[in-house]
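Comments concern the structure below.
The values are calculated or read from the model by the stated rules, or taken from the named source; none is laboratory data. None of the values given here were measured: they were computed from a predicted structure. Cβ coordinates were reconstructed from backbone atoms using ideal geometry, including for glycine residues, and neighbour counts include every protein chain displayed. Surface accessibility is based on the protein's heavy atoms, side chains included, excluding ligands, DNA and RNA. Shrake-Rupley method; radii C 1.70, N 1.55, O 1.52, S 1.80 Å.
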Amino acid sequence: MAKKDGVNGKGGQFSGTPADRLVRLWRNNDERFGALLDEVLDGNRQGVIEAAVGKLREEESYDFMDEVEAFSETAQSTDEQGDPTLSTLFWLALEVDGRLDEPPSVDTIERALDSAGLLEKASDMRLLPLWLDPEPLSYLEAADRRTLLRRLIDSTEAAEAFVREQDLVASPDDAGVRLVGVVGLVIEEDAEQEGEAMPDPLNLGFTGEGQEMEIDPIEQERIRQSMAAFAEAVGAADPRVKRCEPVGGLNDLLDFTAEGVWPDDVDANFDEVNDFLDIAGNETGDGVLDVTVSEGPDGLQLRAYNSDGVLLDERSFDLSGDRADEALALIKRRCRRVSEG
């Protein structure tokens, strides 16, 4: 039987395994890539995505996975009237202090988002009433992200069951200050996205792939004020919440919690320390860094090692006192193991 036109293309131009077709459609910037990727994600076929990555050059694979993972958090659906809608996951990063045996107040968060003007494009939204742990979230593959999205579209109960099955809930008993996440869903009227960036459900000025869009200074100030109003409202309602921030997609949440730098932390924005860790991490095969920290006459001395114990780099930073303590806290968030002495 002759193949029909469609994802395969005429004359078998895009024939082969689903992984072959994903790669070819993506490399050709073919609009049919999205349709095939939808099938793969909704079929929970993570193996197809991994096979596609194996067929790409190393420099291509990062861009490919960024697009796949961003795509996995957005899906078309229909509302109660049968009209087409676009549903997108969004994530909140929160710094909390205290037990998490009580769930986040999703009503409070939703009202704060609404009153701060962050839901201008939403026809509906819902939040999952659970504190989520960023560490296991970092292992949530693209197909699982799509499953979470579909479950949350169905109901918060279905999404909660999935999250608990995946052990993504933060431990309620851990003491001290920590970073956690809350996931939500924004539903919009389906608009044509062809030729445009991924949706920005909370109108935060992100492309959906972790990159900021070019926006004018007036809009930047509106976003800044809206974020500040949102954080103030949530913190006032729940004393455990010291700071909170809408951050976009899951990759944005993971980057945010890894860096641990809040927009108002001007003094905590250790660009040189972050650059040192970034460069050392790029020299590893697995991104794992172990660091020793010591205080010397030149300030804070760092030595970075890979997972095999090989010294990658060392450097001194002119930091002492509280600044050294803040830098050490940042390093501990970013590295597997930190030894002091």
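Each other residue within a Cβ distance under 13 Å of Ser294 adds +1 if Lys or Arg and -1 if Asp or Glu, for a net charge of -2. Structure remark: mean-square fluctuation, Gaussian network model of the chain, C-alpha springs under 10 Å; the largest value among Phe230, Phe256, Phe270 belongs to Phe270. Between the Cα long axis of helix 321-334 and the first principal axis of the chain there is an angle of about 30°, rounded to the nearest 10.
Give me the extension gain from Asp318 to Glu295: residue separation times 0.36 nm, minus the current Cα-Cα distance, reported in nm with one decimal.
7.3 nm
Computed over the alpha-carbon pairs of the chain, the distance histogram in 20 Å steps reads 27, 55, 17, 1 percent, short to long.
Taking amide H atoms as placed 1.01 Å from N in the peptide plane, the amide H of Met125 lies under 5 Å from those of Ile187, each 5 or more residues away in sequence or on another chain.
Taking the highest mean first, how do the peptides 291-299, 77-85, 179-187 order by number of other beta carbon atoms within 10 angstrom per residue?
Descending mean neighbour count gives 179-187, 291-299, 77-85.
Per residue, the chain exposes an accessible area of 52 Å² to a 1.4 Å probe, with every protein chain left in place. Apolar share of the accessible surface for the chain: 44 percent from carbon plus sulfur atoms, 1.4 Å probe. Computed over the alpha carbons of the stretch 300-341, Rg followed by Dmax gives 10.7, 32 Å. Modelled spin-label separation between Glu232 and Ser307, with each label point placed 7 Å from Cα along the Cα-to-Cβ direction: 4.6 nm. Toward the positive end of the charge dipole of the chain, with +1 on the Cβ of Lys and Arg and -1 on the Cβ of Asp and Glu, the farthest Cα among Val293, Leu22, Leu311 is that of Leu22.
3J(HN,Hα) along the stretch 299-312: x, 8, 9, 10, 10, 10, 10, 7, 5, 8, x, 7, 5, 9 Hz, from the Karplus curve 6.51 cos²θ - 1.76 cosθ + 1.60 with θ = phi - 60°, whole Hz, x for Gly and Pro. Net charge dipole, the chain: roughly 1080 debye, given to the nearest 20, about the Cα centre with Cβ charges of +1 for Lys and Arg and -1 for Asp and Glu. Fully extending the segment from Glu221 to Ser115 would add 36.5 nm, taking 0.36 nm per residue of separation and subtracting the current Cα-Cα distance. Full extension of the chain between Asp173 and Glu189 gives 1.7 nm of extra length, using 0.36 nm per residue less the Cα-Cα distance. Between the amide H of Phe317 and those of Leu300, Gln301, Leu302, distances stay under 5 Å, these residues lying 5 or more places away or on another chain, with hydrogens modeled in the peptide plane.
Placing unit charges on each Cβ (+1 for Lys and Arg, -1 for Asp and Glu) gives the chain a dipole about its Cα centre, and among Ala228, Met65, Ala35 the Cα reaching farthest toward its positive end belongs to Ala35.
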